[in-house]
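Data block below; observations after.
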Amino acid sequence: MPAVTPGVDADPDRKILLAAPRGYCAGVDRAVDAVEKALEHYGAPVYVRKEIVHNKFVVETLTKRGAIFVSETDEVPEGARVVFSAHGVSPQVHAEAAQRQLQTIDATCPLVTKVHKEAVRFANGDYDILLIGHDGHEEVEGTHGEAPDHIQVVNGPHEVDKVEVRDPDKVVWLSQTTLSVDETMETVDLLRKRFPKLQDPPSDDICYATQNRQVAVKKLAPDCDVVIVVGSANSSNSVRLVEVALEAGARAAYRVDKADEVDPEWVKDAKTVGLTSGASVPEILVREVVTRLGELGIGRVEEVRTATEDIIFSLPKNLRADLKAAGYQPDRPHKVRRND
C-alpha cells in the first residue's frame with residue numbers, strides 16, 4: 001500500500017491508519033481458491049452451497065466465472081459437482097449430497113472442522129454443549145448439526161439465564177469462530193457463575209484471524225475520528241469489527257461493502273481515519289477505499305501492524321488429487337503450476 005493516497009488535493013496532515021492484519025484469512029483464501037481451481041479444472045458450472053464466504057464482491061466475481069450459488073443441496077442437479085462453503089455443513093447435508101450422488105468438494109475452514117470434532121467428542125462423552133454463537137449463521141447450523149441432542153446455542157450474555165443443563169458437572173462451552181473475543185468471554189464468565197464446573201474447549205475456538213483483526217482495530221481505534229470496516233453485512237467478523245472499534249474508543253465507525261458507499265460526511269472533519277477489512281474481503285476493495293479517501297482529501301497512509309500471519313491451508317484433498325492427476329502439482333497452497 002503506498003504511503004500517500006492518490007488524491008490530487010489530499011491533505012498530508014490528514015491520514016489513514018491502515019490495520020494489519022486485515023482481509024483474507026487462510027480459511028477464506030482456501031475456500032475461494034477451491035472454487036476458482038474447480039472452475040478452471042472441471043469447467044463451469046460448479047455449484048456452491050450457500051455463499052462460499054460472506055462477501056458480495058467475491059460471490060459476484062465467482063458467479064461471472066461460472067459458479068452457481070444455491071441455498072440447499074436439493075437445488076443441485078443429481079450427479080453434479082458442489083462445493084461446501086468455508087462455514088461448514090452438518091452431517092445431514094453430507095448425507096443429502098450422497099443420496100443425490102453429488103461430487104462434493106468440502107471447503108470447510110479447518111478451524112471450523114476443529115470445532116465440529118470437539119462437538120462430536122464432547123457429545124460422545126454425554127456432555128451438555130453450550131455453543132456460543134448466532135442462531136441462523138451457517139457455521140452455527142453446521143456445528144449444531146453434529147450433535148443436535150447435546151448442543152444448545154447461546155446467542156450472548158443476555159441468554160445465559162435461560163440456559164438449562166442436565167448435569168452441571170458435565171458442561172462445556174464451544175463457540176462460533178468469528179465472534180467478538182470480549183463478548184464471548186463475557187458470556188463465558190456469566191455461564192461459569194451459573195455452572196462453576198463449566199469446561200473450556202481444548203483450544204481457542206475463535207479463529208486466529210478474527211482475534212488478530214480485532215486486536216489491530218483496538219490498537220488504532222483510540223486515535224481515530226472514524227473507523228471504516230470493509231465487509232458485507234452478513235459477515236459476522238466484519239460486523240464485530242465495527243463494534244470493537246467503537247468499544248475501543250473510535251468516535252464513529254461504519255461498515256461498507258465497497259468504496260462508493262463511503263459517505264463524504266463521515267470523514268469531512270476527520271484528521272485520522274482508521275481502515276480495516278473483515279476476513280472474507282479481498283485486498284482490492286481496501287485499496288479502492290484508500291483511493292476514495294484520497295479523493296475526499298486524506299493524504300497519508302500509515303500501517304498499524306500488530307501481528308504477521310503466515311498460516312496456510314492446503315486445498316481440499318479430493319480436488320488436490322484431481323489437479324495432481326491432471327498434471328498440476330501444487331508447490332504451495334493456492335499457487336498451482338503445471339509440470340511441463
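The values are calculated or read from the model by the stated rules, or taken from the named source; none is laboratory data. Nothing here was measured: the structure is a model prediction, and the numbers come from that model. Neighbour counts run over all protein chains shown; Cβ positions are idealised from the backbone, glycine included. Quick note on the areas: whole protein, heavy atoms, side chains included, nothing else; ligands and nucleic acids left out. Shrake-Rupley method; radii C 1.70, N 1.55, O 1.52, S 1.80 Å.
Would you please name the residue that is surrounded by the most Cβ atoms within 10 Å (Cβ to Cβ), looking only at residues in the range 256-287 that are free of Cβ contacts under 8 Å to residues at least 24 places away in the same chain and more than 28 Å from residue 27 (Cβ to Cβ)? Within the range 256-287, the match that is surrounded by the most Cβ atoms within 10 Å (Cβ to Cβ) is 263.
Residue 96 meets the conditions (1) touching a residue at least 40 places away in the same chain (Cβ under 8 Å); (2) open to solvent by 20 Å² or more (accessible area, probe 1.4 Å) in every case but one. The failed one is (1). Scanning the range 263-301 for residues that are closer than 28 Å to residue 85 by Cβ and of a type in the set (A, V, I, L, M, F, W, C) gives 275, 279, 281, 284, 285, 286, 289. Which of the residues belonging to the range 184-205 are modelled with pLDDT under 90 and either open to solvent by 10 Å² or more (accessible area, probe 1.4 Å) or of a type outside the set (Asp, Glu) (or both)? 203, 204 - these are the residues of the range 184-205 that are modelled with pLDDT under 90 and either open to solvent by 10 Å² or more (accessible area, probe 1.4 Å) or of a type outside the set (Asp, Glu) (or both). Answer yes or no as to whether residue 213 is open to solvent by 10 Å² or more (accessible area, probe 1.4 Å), closer than 22 Å to residue 86 by Cβ and not polar (S, T, N, Q). The answer is no for residue 213.
For the range 288-298, filtering for residues that are among the polar types (S, T, N, Q) and surrounded by 19 or more Cβ atoms within 10 Å (Cβ to Cβ) leaves 0.
Residue 83 meets each of the listed conditions (1) in contact (Cβ under 8 Å) with a residue 24 or more places away in the chain; (2) farther than 21 Å from residue 233 by Cα; (3) surrounded by fewer than 24 Cβ atoms within 10 Å (Cβ to Cβ) apart from (3).
Within the bounds of the range 299-315, is there any residue that is assigned to a helix (DSSP H, G or I) and either crowded, with 19+ Cβ neighbours inside 10 Å or modelled with pLDDT under 95 (or both)? The answer is no, given that none of the residues of the range 299-315 is assigned to a helix (DSSP H, G or I) and either crowded, with 19+ Cβ neighbours inside 10 Å or modelled with pLDDT under 95 (or both).
Given the condition farther than 23 Å from residue 217 by Cβ and touching a strand residue (DSSP E or B) at 6+ places or on another chain (Cβ under 9 Å), answer yes or no: does some residue in the range 298-314 qualify? Yes; the residues of the range 298-314 include at least one that is farther than 23 Å from residue 217 by Cβ and touching a strand residue (DSSP E or B) at 6+ places or on another chain (Cβ under 9 Å). Listed conditions (1) closer than 30 Å to residue 48 by Cα; (2) more than 20 Å from the chain's Cα centre (by Cα); (3) surrounded by fewer than 18 Cβ atoms within 10 Å (Cβ to Cβ) are all met by residue 167, apart from (1).
Taking the residues in the range 269-291 that are of a type in the set (S, T, N, Q) and over 15 Å from residue 59 (Cα atoms) as candidates, determine which candidate is farthest from the chain's Cα centre (by Cα). So, considering only residues that are of a type in the set (S, T, N, Q) and over 15 Å from residue 59 (Cα atoms), the one farthest from the chain's Cα centre (by Cα) is 272. On the basis of being part of a loop (DSSP other than H, G, I, E, B) and modelled with pLDDT under 95, does residue 340 make the cut? Judged against the criteria, residue 340 is a match.
Residue 47 - would you say it is touching a strand residue (DSSP E or B) at 6+ places or on another chain (Cβ under 9 Å), at pLDDT 95 or above and surrounded by fewer than 19 Cβ atoms within 10 Å (Cβ to Cβ)? Criteria not met by residue 47. Going through (1) crowded, with 16+ Cβ neighbours inside 10 Å; (2) within 20 Å of the chain's Cα centre (by Cα); (3) of a type in the set (A, V, I, L, M); (4) closer than 21 Å to residue 26 by Cα one by one, residue 253 falls short only on (4).
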